[in-house]
Each structure stands twice: as C-alpha cells, then as structure tokens.
Amino acid sequence: MEKLIKKTAGLIKKSNYTIAFTGAGISVESGIPPFRGEHGLWNKYNPEVLDLEYYLQNSEKCWKYIREIFYDFFADANPNLAHQVLAKMEKEGLLNSIITQNIDNLHQEAGSKAVHEFHGNSKKLKCLKCGKRYSSSEFDFKFIPPKCVNDGEILKPDFIFFGEGIPEDAYANSFAEAEKAEVCLVIGSTGEVMPASHVPRTAKQSGATIIEINPEESMFTKQLTDIHLKGKAGEILLKLGEYLFE
Ligand code: NAD
C-alpha cells in the first residue's frame, strides 16, 4: 500500500491537471452516514421523502424526516482529514477542482474553493415559487417547515431530489473538468448514482489515470480504476499528503 501511495503522489506531482470526484464515503469519518450499505440512511428512512413528486404533495410530512437527516445529523459535522488534505492540495497547486456528489458543504468548510456541487447543497434553501434562496443558518429548525418571507411558500432544501435535474452550471463544469483531467481521484463513491458516475468515466475516456480511494470495491473498481488505494479516505489522504507536501 505504501508503494502505491508513493506512486500516486508521483503521478499527482507530474500531472498538469488533477481533479477529485467525491461521494458520501469521504464524509463518513465526519460522522455522516452514506445512503447505501450496512449503516446507510436508506436502512432507516424511506427514500420517497426525497422524491420530488411525493415531496410536492406531502411537504410538511417530508420536512420531519428532512430535518432529522439533514439538519440534525449533518448540522454538527465538521470537515475531516480527507477534506483538509484536498483543500491543502488545491492551495499548493496540486489539485485543480473537486466535483462532489455530496451536499454537506464540508469541502468548502475545509477551505476548498473550486468545488462543483453536482447535487446541490443542503446548507441552502430555495423557494420554488419566487426562486429566493436562503442560508439554512437563517432558520430555527425547531419550527418546520421553513417558509419564504415573500410568499409564505414552504422552502425546499437546495439539493436535488429524485426526479430533479442536475443544476446546469455544475453539470457543464464537472464534465469540462473531467475532460481536462490527467489524474482523477475517485473518493468514497459506489458509482451507482447516474449521471454523476459518468464524470470519472469521462475523465478515463479523456486519458486520465483513475486513482480510487475506498475501503470497498465499487462499480468503478474493475471498469475504470488504475490504482485502488483500499482504505478510509482520511487515513489514505493523510499518508498521500505526507508524500505530496514533503
Ligand atoms: P454511497 O452512499 O452510494 O456510497 C458510499 C461509498 O463510500 C461506498 O462505496 C463505501 O464503500 C465508501 N466509504 C465508506 N466509508 C468510507 C471511508 N471512510 N472512506 C472512503 N470511502 C468510504 O455514496 P455515493 O456514491 O456518493 O452516492 C450517494 C448519493 O447520496 C450521492 O448522490 C450524494 O449526493 C448523497 N449523499 C450525500 C451525503 C453527504 O453529503 N455527505 C451523505 C449521504 C448521501
């Protein structure tokens, strides 16, 4: 493993364009469970609360679960070592951008600037009627559902629900980044969510070396991955950082 991490550091140092594609796994060490797998959120909650059509009919009922998942669980989470190493890599000119499927804002809180949020961000809320956006910090979630000051509409978290399209800018920017990449780190993603999983595929097709960091195998491992650093994101990135910043 040590050898593979050293090799990866060498590839990143040589690369003219490096991106990271991150999934729920990178935030597990911050205490946020992933959706899938043994301890995944879908073992406890019914995914229909995040289905747009269902939500539009049952907003008040869905907010009870949305609060519990995204504003209780997520609220106390802080960036972990993995987020911090990626932020430092960007600062040192070793990482060009992050494309994240996560909606927890932890890359930005760690200091990363070039972050493309493929699925939106739970720290923002949006009025579906007038389009006004709010920071979630403006609300006391003891009182739900949160409502728009302009028109009294129930606000929706500004991340995408099942049945909603990917935000246009994030979509275009993410694929543009993938096309430029010489190295693509794929961290903590099963690769089961589409179209996000096409981002590393596009990078691979454009000639990038795919470095996967995941304690398990994913949909990417056999099809795309050139180097699998099998382990937890925080532990692997900490070691990688030792070689990168020496
Ligand atoms: P996923 O839930 O499908 O899979 C998580 C992956 O992370 C698995 O492959 C697992 O083996 C791996 N993993 C677990 N612990 C890890 C660790 N410590 N280090 C590295 N990897 C680890 O995740 P996904 O592919 O991102 O898809 C889930 C969807 O759910 C995404 O679209 C995302 O928007 C959303 N989601 C986001 C959050 C968040 O914002 N933190 C949390 C849950 C789900």
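The values are calculated or read from the model by the stated rules, or taken from the named source; none is laboratory data. What you see is a predicted model; the values in this text were computed from it and never measured. Cβ placement follows ideal geometry from the backbone for every residue including glycine, while neighbour counts extend to all protein chains displayed. With ligands, DNA and RNA removed, areas are computed over all heavy atoms of the protein, side chains included. Shrake-Rupley method; radii C 1.70, N 1.55, O 1.52, S 1.80 Å.
Counting each pair of different Cα atoms once, what's the Kirkwood radius of the chain in Å, rounded to one decimal?
Numbers: mean 1/r = 0.0538 Å⁻¹.
Taking the inverse mean of 1/r over all distinct Cα pairs, the chain comes out at 18.6 Å.
Skip the ligands, DNA and RNA, and give the accessible area per residue of region 152-226 with a 1.4 Å probe, whole Å².
Values: 3300 Å² over 75 residues.
Ligands and nucleic acids excluded, the result is 44 Å² per residue.
Identify, among 231, 81, 10, the residue whose Cα sits farthest towards the positive end of the charge dipole of the chain, taking +1 on the Cβ of Lys and Arg and -1 on the Cβ of Asp and Glu, with the dipole about the Cα centre.
About the Cα centre, the residue reaching furthest to the positive side is 10.
If r is the Cβ-Cβ distance from residue 168 to residue 192 and R0 is 22 Å, what FRET efficiency results, to the nearest 0.05?
Working: r = 23 Å, r/R0 = 1.05.
Once rounded, the FRET efficiency stands at 0.40.
Please report the antiparallel percentage of DSSP beta bridges with both residues in region 140-246, rounded to the nearest 5. Don't jump to the answer; show the numbers that get you there.
On the way: 1 of 9 bridges.
For region 140-246, the DSSP antiparallel bridge percentage is about 10.
Carbon and sulfur: what percent of the chain's accessible surface (1.4 Å probe)? Don't skip to the answer; put the middle values down first.
On the way: 5790 of 11920 Å².
Looking at the chain in its full context, I get 49 percent from C and S.
Suppose every Lys and Arg Cβ carries +1 and every Asp and Glu Cβ carries -1, with no other charges. What dipole size does region 1-90 come out with about its Cα centre, to the nearest 20 debye?
Numbers: 11 positive and 11 negative charges, 144 e Å.
The calculated dipole for region 1-90 is roughly 700 debye.
In the P(r) worked out for region 113-189, what percent of Cα pairs fall beyond 17 Å? If you can, show how the numbers build up before the last one.
Numbers: 1643 of 2926 pairs.
Here the tail beyond 17 Å accounts for 56 percent of pairs.
For every other residue with a beta carbon closer than 9 angstrom to the beta carbon of residue 245, add +1 if it is Lys or Arg and -1 if Asp or Glu, then tell me the sum.
Working: positive: 88; negative: 92, 242, 246.
In short, -2.
Å³ per residue of the Cα convex hull, for region 84-128?
Working: hull volume 2.9 nm³, N = 45.
Spelled out: Cα convex hull of region 84-128, divided by residues, is 65 Å³.
Using all alpha carbons of region 125-246, what is the percent of pairwise distances in each 5 Å bin, ordered from the shortest bin to the longest?
All Cα pairs, binned at 5 Å, distribute as 2, 10, 15, 14, 13, 12, 11, 11, 8, 4, 1, 0 percent.
First select every other residue whose beta carbon is under 11 angstrom from the beta carbon of residue 162; then total the charges, Lys and Arg +1, Asp and Glu -1. Don't skip to the answer; put the middle values down first.
Working: positive: none; negative: 48, 51, 53, 164.
Cβ neighbours under 11 Å give a net charge of -4.
Hey, got a sec? Which trypsin sites (Lys or Arg not before Pro) in region 93-134 land in a DSSP loop and have at most 16 other Cβ atoms within 10 Å?
On the way: sites: 113, 123, 124, 126, 129, 132, 133; in loops: 113, 129, 132.
Counting only loop positions with at most 16 other Cβ atoms within 10 Å, the trypsin sites (Lys or Arg not before Pro) in region 93-134 are 113, 129, 132.
So for the chain, averaging the separation of alpha carbon pairs under 8 Å that are six or more residues apart and normalising by length, what relative contact order in percent results?
Values: 425 pairs, mean separation 61.1, N = 246.
Computed value for the chain: 25 percent relative contact order.
What is the ratio of the Cα radius of gyration of region 1-69 to 2.2 N^0.38 Å, with N the residue count, to two decimals? Mind dumping the intermediate values first?
Details: Rg = 18.9 Å, N = 69, 2.2 N^0.38 = 11.0 Å.
Relative to the 2.2 N^0.38 Å estimate, region 1-69 comes out at 1.72.
Given a 1.4 Å probe, how much area per residue of region 1-49 is accessible, in Å²?
On the way: 2600 Å² over 49 residues.
That works out to 53 Å² for each residue.
Note down the net charge around residue 141, summing +1 for each Lys or Arg and -1 for each Asp or Glu among other residues with Cβ under 9 Å from its Cβ. Intermediate results must be reported in sequence, preceding the final value.
Details: positive: 67, 142; negative: 72, 140.
Net of charged neighbours comes to 0.
Here is the link list: 14/180; 91/204; 13/204. Which ones come out longer than 21 Å on Cα distance? Mind dumping the intermediate values first?
Working: 14/180 15 Å; 91/204 25 Å; 13/204 19 Å.
Beyond 21 Å: 91/204.
Size of region 1-120 along its principal axes in angstrom, Cα-based, largest extent first?
52, 27, 24 Å, listed from the longest principal axis down.
Under a point-charge model restricted to the Cβ atoms of Lys and Arg (+1) and Asp and Glu (-1), what is the dipole moment magnitude of region 134-228 relative to its Cα centre, in debye to the nearest 20? Working shown, then result.
Working: 7 positive and 16 negative charges, 33 e Å.
Dipole about the Cα centre, nearest 20: 160 debye.
Of all DSSP beta bridges in the chain, what percent run antiparallel (nearest 5)?
Details: 8 of 29 bridges.
In the chain, DSSP labels about 30 percent of beta bridges as antiparallel.
Please work out the Kirkwood hydrodynamic radius for region 54-165, using every pair of different C-alpha atoms, and report it in angstroms with one decimal place. Let's see the in-between values first.
On the way: mean 1/r = 0.0657 Å⁻¹.
15.2 Å is the Kirkwood radius here.
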